[in-house]
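None of the figures in this text is laboratory data; all of them are computed from the coordinates on show. All values reported here derive from a predicted model rather than from experimental measurement. Here Cβ is always computed from backbone atoms with ideal geometry, including for glycine, and neighbour counts include all displayed protein chains.
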Amino acid sequence: MIINGAAFLITGGASGLGAAAATHLIEQGASVVLADVNTDDGKAHAKALGEQAIFVETDVTDADQVQQAIDIGVEAFGGLNGALSCAGVVLARRTLSKHGAHDLESFSRVVQINLIGTFNVARLMAPVLAENEPNDEGERGVLVNVASIAAFDGQIGQAAYAASKGGIVSMTLPLARDLAQNGIRVMAVAPGIFDTPMMASLPDEARASLGQQVPFPSRLGDPAEFAQLAGAIITNPMLNGEVIRLDGAIRMGPR
Ligand SMILES: NC(=O)c1ccc[n+]([C@@H]2O[C@H](COP(=O)([O-])OP(=O)(O)OC[C@H]3O[C@@H](n4cnc5c(N)ncnc54)[C@H](O)[C@@H]3O)[C@@H](O)[C@H]2O)c1
């Protein structure tokens, strides 16, 4: 798919990986809808990106709000050609700690936002994309979901986060198979450790230590590198039904 002239919904587009993807796609001539619960950062980023970017306050777990963001994008840009599901939250909590058993509420919340929110966007984007005129390749749309290497190497305290990301990994192939007849591709990216506001909550020492664990290059990932891969996935029609680790070869240990 040619990025220039296409329009994309980007959940989590107010910050971090989603914001970087929005910048990259705008630079390539696309239009973007930033769909995020973070209104202040979302509005500011949309303003900085210019006329081809709009912000819509959206909770990905809410069917009506996601539908509204899609409708606004279709209205503003004459259609949508894909979605990047970057919205997500992280949680560090052991299954059993000195405080007792892991609470069910926080486990459910992480799965609700990361996994069910991602599926919510995919299922509501599908009918819109399926109506697009196919390009020469027969392609009508592309969905890029964001998993994590925690889906494979979940660490101590990551049961909820890893479960939510594992779900994104596991649904990549069935989503791609479901939507193949509609000319819609579905991919997932499993980032390693990227320097975003999500990681900024960690102390500098912890961030430096994580960076040193990456075999090469031994540093945290730059969100622009994620954006570059998202752009490559959109552009390359043969990429479908697969999860790409973007991690400098790190395999996380138990802690
Ligand atoms: N940074 C990393 O090292 C890393 C590694 C692996 C995977 N990821 C994943 O990448 C994605 C982006 O993370 P990031 O590092 O850019 O974090 P971030 O915190 O900078 O951005 C996440 C965005 O998601 C938004 N969001 C949270 N809940 C939402 C909801 N219910 N509805 C809509 N938006 C919501 C937040 O407001 C925020 O703007 C997440 O799914 C995260 O799990 C990040």
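Here are some notes:
- Using only alpha-carbon positions in the stretch 7-246, the gyration tensor eigenvalues give semi-axes of 28, 19, 18 Å once each is multiplied by 5 and square-rooted (largest first).
- Taking amide H atoms as placed 1.01 Å from N in the peptide plane, the amide H of ALA7 lies under 5 Å from those of SER31, ASN81, GLY82, each 5 or more residues away in sequence or on another chain.
- Across the stretch 196-248, Cα-Cα distances exceeding 17 Å account for 48% of all pairs.
- Judged by the mean number of other Cβ atoms found within 10 Å, the most tightly packed of the peptides 148-161, 129-142, 4-17 leads the ranking 4-17, 148-161, 129-142.
- Peptides ranked, highest mean first, by Cβ atoms within 10 Å: ranges 179-192, 237-250: 179-192, 237-250
- Projection of the Cα convex hull of the stretch 150-210, averaged over all directions and equal to a quarter of that hull's surface, yields 5.1 nm².
- Less than 5 angstrom separates the built amide H of ALA53 from those of VAL32, all sequence-distant by 5 or more or on a different chain.
- Close amide H partners of ASN145, meaning residues 5 or more places away or on another chain with modelled amide H under 5 Å apart, are SER85, MET187, ALA188, VAL189.
- Phi-derived couplings, Karplus 6.51 cos²θ - 1.76 cosθ + 1.60 at θ = phi - 60°, listed residue by residue for the stretch 136-144: 4, 7, x, 8, 10, x, 9, 10, 10 Hz, with x used for Gly and Pro.
- P(r) histogram, all alpha-carbon pairs of the stretch 65-160 included - 5 Å bins from 0, percent: 3, 11, 18, 18, 13, 11, 9, 8, 5, 3, 1, 0
- For the peptides 162-171, 199-208, residues were scored by their other Cβ atoms within 10 Å and the scores averaged per peptide; the highest-first order is 162-171, 199-208.
- Calculated Rg and Dmax of the stretch 1-89 using C-alpha coordinates, Å: 11.3, 32
- The aspartates and glutamates whose alpha-carbon is closer than 17 Å to the alpha-carbon of LYS43, local same-chain residues fewer than 8 away aside, are GLU51, GLU57, ASP59.
- Crossing angle, helix 159-180 versus the chain [Cα axis fit, 0-90 degrees, rounded to tens]: 30 degrees
- Derived scalar couplings between HN and Hα for the stretch 45-62 equal 5, 4, 4, 5, 7, x, 5, 7, 10, 10, 10, 10, 4, 8, 9, 5, 7, 9 Hz in order, rounded to whole Hz, by the Karplus curve 6.51 cos²θ - 1.76 cosθ + 1.60 (θ = phi - 60°), x for Gly and Pro.
- Against the chain, whose longest principal axis comes from its Cα atoms, helix 117-130 is set at around 20 degrees.
- For the stretch 100-105, the Karplus equation 6.51 cos²θ - 1.76 cosθ + 1.60, evaluated at θ = phi - 60°, returns couplings of x, 6, 3, 6, 7, 4 Hz by residue, with Gly and Pro reported as x.
- Relative to the dominant Cα principal axis of the chain, helix 16-27 is inclined by about 30°.
- Inter-label distance, ARG255 to GLN212: 1.7 nm, where each label sits 7 Å from its Cα along the C-beta direction.
- Cα coordinate range in the stretch 90-210, projected on the principal axes (Å, largest first): 57, 32, 21
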